[in-house]
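The values are calculated or read from the model by the stated rules, or taken from the named source; none is laboratory data. The structure displayed is predicted, hence computed values, not measured ones. All Cβ positions, even for glycine, are placed from backbone atoms using ideal geometry, and neighbour counts span all protein chains on display. Ligands, DNA and RNA are stripped out before the accessible areas are found, and what is left, the full protein with its side chains, is counted by its heavy atoms. Shrake-Rupley method; radii C 1.70, N 1.55, O 1.52, S 1.80 Å.
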Number of protein chains: 2
Amino acid sequence: MTDRQQKFIKFIESFIRDNGYSPSIREIAKGMGLSSTASVKKMLDRLADSGLLNRSGNIARGIEIPEKGIPVIGRIKAGVPVEAAENVEGYMKLDRLTIRSGGHFFLKVDGDSMKEEAIVDGDYVLIKPSPVISNGQIGAFRINGEVTLKTFRQNAEGVYLMPANEEFEPIPVGEYDDFEVIGHLKMVLRMTEGSDAFEPA
Amino acid sequence: MTDRQQKFIKFIESFIRDNGYSPSIREIAKGMGLSSTASVKKMLDRLADSGLLNRSGNIARGIEIPEKGIPVIGRIKAGVPVEAAENVEGYMKLDRLTIRSGGHFFLKVDGDSMKEEAIVDGDYVLIKPSPVISNGQIGAFRINGEVTLKTFRQNAEGVYLMPANEEFEPIPVGEYDDFEVIGHLKMVLRMTEGSDAFEPA
DNA sequence: AAAAAATAAAAACAGATGTTCGCTATTTTA
DNA sequence: TAAAATAGCGAACATCTGTTTTTATTTTTT
């Protein structure tokens, strides 16, 4: 990718970030200091050929720039800066979930009853709503008027909600009238102190 | 918000999700089974008045639906469905980080040396690159040709990288020539089995 | 140095797109 | 029940927007 191409991409990316929709060809021309739309179109065609952006032909403001997301870095060779492209194993797009969130929600974890599962106080757990859950899966449940995160366990002795911490006792579901499977655990997310990126607004 | 308004929003949201750009008024009309663009415009104006969507007037495909993100649910009253609006404490937008990722990257955790900090094998840790780190902070380090996630500890005895697991020994930094602070921990993210939403692509 | 490719301009064109107007039917509110 | 708001249609209009064509200049490649 040439410098010039890079500049086009940057402009389009920041336009989309600022406006929520992509720029028209004339807006790109203006932004790049050009006075002809033809020049812009040629560049866009070339960028599209290279796969650096996607266009749905003839559609107004239909430019899409493929989101790479945040790099996932694996093996790192000694002496090589961690940013080195050769170490990037892939990219993680956190926003995919936001977009296709089919009723998912976060619960903020209160207490350490799932400590042995590496889920601790203050963590956010992403729950996928579902009325059923498999044996051994971790999920969110409503029992006796409270919502709790536990492992679902069902055997000959009955159904239990299992904590993952010696200090807590299994909850015998049979002893309560009020029981509901809310959903099951899909993700655990923990923000460390001073991390402002994910503050729920 | 009326049912009808809800349907408009849903259609527009899914169109944007599918295409990457918002629908034209005629496309909305078609999608909603209407034959006049005027009807659509009226509805869009009303939705915009209510703040349910944003339009930058006269701009083709300029509809934006404010992203709320994923709801964070806190206290939940007995008997109330978890989706109840009154329980939503806020919304978490995961995509904010993607956008403003200033060099952040994920490391996939290998091993259980930070188990006591509730960071386990297979977790993804988000690292903010930085050449410095405070005493007691968890960070990523390169030492002796390997990258490791540890707690940084500095006292009268020297500098150590502390594991959070009895089975591992502190690493005395002074004994190695090759040492570098890569960055510090900002987030821990764990995908549970069968969670396809965050597969690094 | 000559040929090829990239960059750019200006103008014209066609189609896509948002807006407006007049009119009617239905639903909701007072 | 009467008035007001909502929903809808169809047509006409103005603008926005992507495309194409022609020509010229600059840069890169051979």
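Observations, loosely collected:
- Estimated distance in nm for a label pair at B:Ala38 and B:Glu67, the labels positioned 7 Å out from Cα along Cα-to-Cβ: 3.7 nm
- Label point of B:Asn155 (7 Å along Cα→beta-carbon): distances to the other copies' equivalent points are 4.3 nm, sorted ascending.
- Per residue, region B:105-189 exposes 49 Å² of accessible surface when a 1.4 Å probe is rolled over the protein heavy atoms with every protein chain present.
- What a 1.4 Å probe finds exposed on region B:105-189 is 42% carbon and sulfur by accessible area, rounded to a whole percent.
- Heavy-atom accessible area buried between chains B and A is around 6000 Å² (1.4 Å probe, both sides summed).
- Accessible surface calculations at 1.4 Å, restricted to protein heavy atoms, place region A:3-64 at 58 Å² per residue.
- Area of A:Thr2 that stays accessible when all protein chains are in place (1.4 Å probe, Å², to 10): 80 Å²
- Shielding score for A:15-26, defined as the mean number of other chain Cβ atoms within 10 Å: 3
- Test item: B:123-135 mean partner chain Cβ contacts at 10 Å: 2
- Cross-link pairs A:Lys128/B:Lys150; A:Lys150/B:Lys115; A:Lys128/B:Lys128; B:Lys10/B:Lys41; B:Lys108/B:Lys128; A:Lys10/B:Lys30 - those with Cα-Cα distance over 23 Å: A:Lys128/B:Lys150; A:Lys128/B:Lys128; A:Lys10/B:Lys30
- Spin-label model distance (nm) - B:Ile59 vs B:Glu167, 7 Å beyond Cα toward Cβ: 5.5 nm
- Position A:Arg46: other-copy label points at 5.0 nm, ordered by increasing distance, label point 7 Å along Cα→C-beta.
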